[in-house]
Amino acid sequence: MKKNNDKSLKKIFDELDIKPKKHLGQNFLHDLNIIKAIVKVANVENENIIEIGPGPGNLTELMIKQKPKTIFAIEKDRSFRKRLEDIKINNIKLFKYKIDDVLNYDFTKLEKKNYKIVSNLPYNISVPFISYMIKFQNTIKWKDMTLMVQKEVADRILADTGTKNYGRLSLMVSLKNHVTKIMNVNPTCFFPRPKVDSTVLKIIPKKDIYNLNQEIFEKIVKICFSQRRKTIKNNLDQLNIDTRLLLKQSKIDASMRPENIDLEGFCRLSINYKKIFKAHF
């Protein structure tokens with residue numbers, strides 16, 4: 001039988017006299033089985049945790065029971081300040097929070113720890129947040145991320161070469177990370193119910209990564225997927241270098257479309273672009 005704490009969640013909202021805000025993408029998880037599964041997968045015991053968007057704190061409180069070293073929560077909605085303050089009072093040495101927009105938060109200000117990131121991400125920030133953490137993961141040290149996102153975003157991240165969902169997001173995440181799908185989550189597990197399914201992902205940095213310039217890689221990928229129906233050569237012509245030489249050195253057929261080129265292929269393009277650019281400019 002499905003367990004949930006929907007009633008207690010609604011009780012918290014009644015006590016705080018607040019309602020979920022659609023413009024903040026708020027859909028709060030109330031299914032206890034799913035919450036417990038997320039906490040188990042996140043493996044928070046004796047770890048330093050960053051939680052994004054704790055809201056009413058139901059995920060937070062279950063993590064606290066697993067005895068992490070610390071939890072630092074970032075919440076944009078000021079309506080939850082009282083709730084988070086109550087959690088802080090009861091766990092003064094373990095829990096801290098900040099009311100802030102996570103997309104504007106300077107993570108470099110955090111103490112130099114190897115954090116785990118856990119979140120039921122608001123749908124409207126899932127892609128920009130993941131993109132930011134991936135882009136700056138050399139600067140912002142995180143151990144792994146356990147994230148709930150809308151299924152459509154998860155499908156794009158997990159997409160295989162040659163599929164319609166394969167693109168910039170798939171490549172940018174997989175360049176330095178392994179991604180595992182944990183489970184899909186039904187809309188009935190949330191309050192209020194979203195119109196889409198959700199997916200829990202585990203993202204873990206790779207130990208061995210390609211030695212390349214990430215900015216160049218990002219530039220190449222962005223240009224190649226700017227017009228998916230065009231061939232790789234036609235898209236790369238925007239770079240104003242010898243495209244045929246670049247493709248030849250990268251061992252890629254000029255007639256291929258970008259969705260048919262795998263991660264290794266884009267890495268070769270990035271490395272050889274840098275070599276050709278240096279030689280000619």
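The values are calculated or read from the model by the stated rules, or taken from the named source; none is laboratory data. Predicted model only: the values in this text are computed from it and were never measured. A quick note on method: Cβ atoms are made from the backbone with ideal geometry, for glycine too, and the neighbour counts reach across all protein chains shown.
Among the numbered conditions (1) touching a helix residue (DSSP H, G or I) at 6+ places or on another chain (Cβ under 8 Å); (2) modelled with pLDDT of 95 or more; (3) not in a loop (DSSP other than H, G, I, E, B), tell me where Val41 comes up short.
With (1) touching a helix residue (DSSP H, G or I) at 6+ places or on another chain (Cβ under 8 Å); (2) modelled with pLDDT of 95 or more; (3) not in a loop (DSSP other than H, G, I, E, B) applied to Val41, the lone miss is (1).
Can Phe277 be described as surrounded by 13 or more Cβ atoms within 10 Å (Cβ to Cβ), touching a Ser or Thr at 6+ places or on another chain (Cβ under 8 Å) and either of a type in the set (Phe, Trp, Tyr) or on the phi > 0 side of the Ramachandran plot (or both)?
Criteria not met by Phe277.
Contact list please: Cβ distance under 7 Å, first residue in the range 220-234 and part of a helix (DSSP H, G or I), second residue modelled with pLDDT under 95, pairs at least six apart or on different chains.
Filtered contacts from the range 220-234: Ile223/Gln238; Ile223/Leu239.
Hey, does the range 75-94 have a residue that's of a type outside the set (D, E, K, R) and either touching an Asp or Glu at 6+ places or on another chain (Cβ under 6 Å) or assigned to a strand (DSSP E or B) (or both)?
No, there is no match, as no residue in the range 75-94 is of a type outside the set (D, E, K, R) and either touching an Asp or Glu at 6+ places or on another chain (Cβ under 6 Å) or assigned to a strand (DSSP E or B) (or both).
Scan the range 250-264 and tell me whether some residue there is of a type in the set (A, V, I, L, M), assigned to a helix (DSSP H, G or I), closer than 27 Å to Phe136 by Cα and not assigned by TED's automatic domain parsing to the domain that holds Leu158.
Yes, the range 250-264 contains a residue that is of a type in the set (A, V, I, L, M), assigned to a helix (DSSP H, G or I), closer than 27 Å to Phe136 by Cα and not assigned by TED's automatic domain parsing to the domain that holds Leu158.
Counting just the residues of the range 146-157 that are surrounded by 19 or more Cβ atoms within 10 Å (Cβ to Cβ) and closer than 23 Å to Glu51 by Cβ, which one comes out farthest from the chain's Cα centre (by Cα)?
Ranking the qualifying residues of the range 146-157, first place goes to Gln150.
Which number in (1) surrounded by 20 or more Cβ atoms within 10 Å (Cβ to Cβ); (2) under 24 Å from Asn138 (Cβ atoms) marks the one condition that Pro54 misses?
Only one criterion is unmet by Pro54, namely (2).
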